[in-house]
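Comments concern the structure below.
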């Protein structure tokens, strides 16, 4: 499968992109944690080759464990369930599908020369 990231959008050239890992290092439907500009980020690769990045802190338990969450889909939307209490968050918007008042921060991703990059700006 060819690596794909978020499509380049206006202003992407003004962002600071931080390399996280090689595309091949991310196992589909598994997360990994990275420290980017002092923020813990959880990055995910879905089976269809898309990448997502959300905050690694579980807003319900306060633990930095989202990268260890259960990845899947709900109504064809990519999601991650917290490993602690199983609340489900959209990987696209960060919104909790079980409690829409709660959300994770989301971060743009892209693949450049086979490397996953994230921007926290």
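The values are calculated or read from the model by the stated rules, or taken from the named source; none is laboratory data. Keep in mind that this is a model prediction, so the values were computed, not measured. Glycine gets a Cβ as well: all are built from the backbone with ideal geometry, and neighbour counts include every protein chain shown.
For segment 95-105, a tally of residues being under 21 Å from residue 30 (Cβ atoms) and surrounded by fewer than 18 Cβ atoms within 10 Å (Cβ to Cβ) returns 2.
Among residues of segment 68-77 being under 18 Å from residue 50 (Cβ atoms) and in contact with a strand residue (DSSP E or B) (Cβ under 7 Å, 6 or more places away or on another chain), the one that is surrounded by the most Cβ atoms within 10 Å (Cβ to Cβ) is 69.
Please tell me if residue 80 is touching a strand residue (DSSP E or B) at 6+ places or on another chain (Cβ under 9 Å), surrounded by 13 or more Cβ atoms within 10 Å (Cβ to Cβ) and modelled with pLDDT under 95. Considered against the rule, which asks whether it is touching a strand residue (DSSP E or B) at 6+ places or on another chain (Cβ under 9 Å), surrounded by 13 or more Cβ atoms within 10 Å (Cβ to Cβ) and modelled with pLDDT under 95, residue 80 comes out as no. Considering segment 70-114, the residues that are in a strand (DSSP E or B) and touching a helix residue (DSSP H, G or I) at 6+ places or on another chain (Cβ under 7 Å) include one that is nearest to residue 17 (Cα to Cα), namely 111.
Residues in segment 19-54 that are surrounded by fewer than 17 Cβ atoms within 10 Å (Cβ to Cβ) and in a strand (DSSP E or B): 19, 21, 22, 33, 35, 39, 40. Scan segment 54-69 for residues that are out of contact with any helix residue (DSSP H, G or I) (no Cβ under 8 Å at 6 or more places or on another chain) and closer than 14 Å to residue 32 by Cα and the total you get is 6.
For the residues 38, 31, 62, 55, the requirement of being over 14 Å from residue 20 (Cβ atoms) and in contact (Cβ under 8 Å) with a residue 24 or more places away in the chain singles out 55.
Among the residues of segment 58-67, is there at least one that is surrounded by 13 or more Cβ atoms within 10 Å (Cβ to Cβ), at pLDDT 95 or above and in a strand (DSSP E or B)? Yes: one or more hits.
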